[in-house]
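Worksheet: the structure to be examined is printed underneath.
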Amino acid sequence: MSNTKPIGVAYSDQDIIGADFLLSDNQLGYTAAAQGTVTQATDKTTAVTLNKSAGRITTANVQLNANTAVSFTLNNSLISANDIVITNISAGGTAAAYTTYVSSMTTGSAVITLRNMTGGNLTEPVVINFALIHCQ
């Protein structure tokens, strides 16, 4: 996208507010300042707080029984009721043993569910990435 708004001897970037499309040939994401990390204190049901648009949640290093799901709350002042919260397992834990998803949300928080899909009990921290897609 070329610079098109003259402001003296320089140009300012185009304003994308109201644009129908936002296209990228490479990457689209959050800056390092918009990301953060948090670790659960007690167990895999302990709520965490991270007021960032994206981040990494490290679960507590406690047992999650076979074929069992647990949920915890992500408190985040940036979440609105219209937003979309995306989660995925990014590291830690036994490969392909877990799934994660957002089971409910409201303004200021999302409930994240983590499921052990294996036939055995697992005691290990799991790192969950999340990203907000902000909607108005």
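Subtracting the Cα-Cα distance of residue 78 and residue 42 from their residue separation scaled by 0.36 nm leaves 10.5 nm. Each 5 Å bin from 0 upward holds the following percent of the Cα-Cα pairs of region 32-133: 3, 14, 26, 26, 17, 9, 4, 1. Residues in region 78-86 carry Karplus couplings, in order, of 8, 7, 10, 5, 8, 6, 10, 10, 9 Hz; the curve used is 6.51 cos²θ - 1.76 cosθ + 1.60 with θ = phi - 60°, and Gly or Pro positions show x.
Would you kindly derive the ³J(HN,Hα) couplings of region 65-74 from the backbone phi angles with the Karplus curve 6.51 cos²θ - 1.76 cosθ + 1.60 (θ = phi - 60°), listing them in order in whole Hz, with x for Gly and Pro? Karplus-based 3J(HN,Hα) across region 65-74 equals 5, 4, 6, 10, 10, 10, 10, 9, 9, 9 Hz. Label separation (residue 113 vs residue 67): 1.6 nm, computed from points 7 Å beyond Cα along the C-beta direction. When only Cα pairs below 8 angstrom with a gap of at least 6 residues are kept, the chain shows a relative contact order of 25 percent.
Read-outs throughout are calculated quantities, based only on the coordinates presented, and are distinct from any laboratory measurement. Predicted model, so just to flag it, every value in this text is computed and none were measured. Here Cβ is always computed from backbone atoms with ideal geometry, including for glycine, and neighbour counts include all displayed protein chains.
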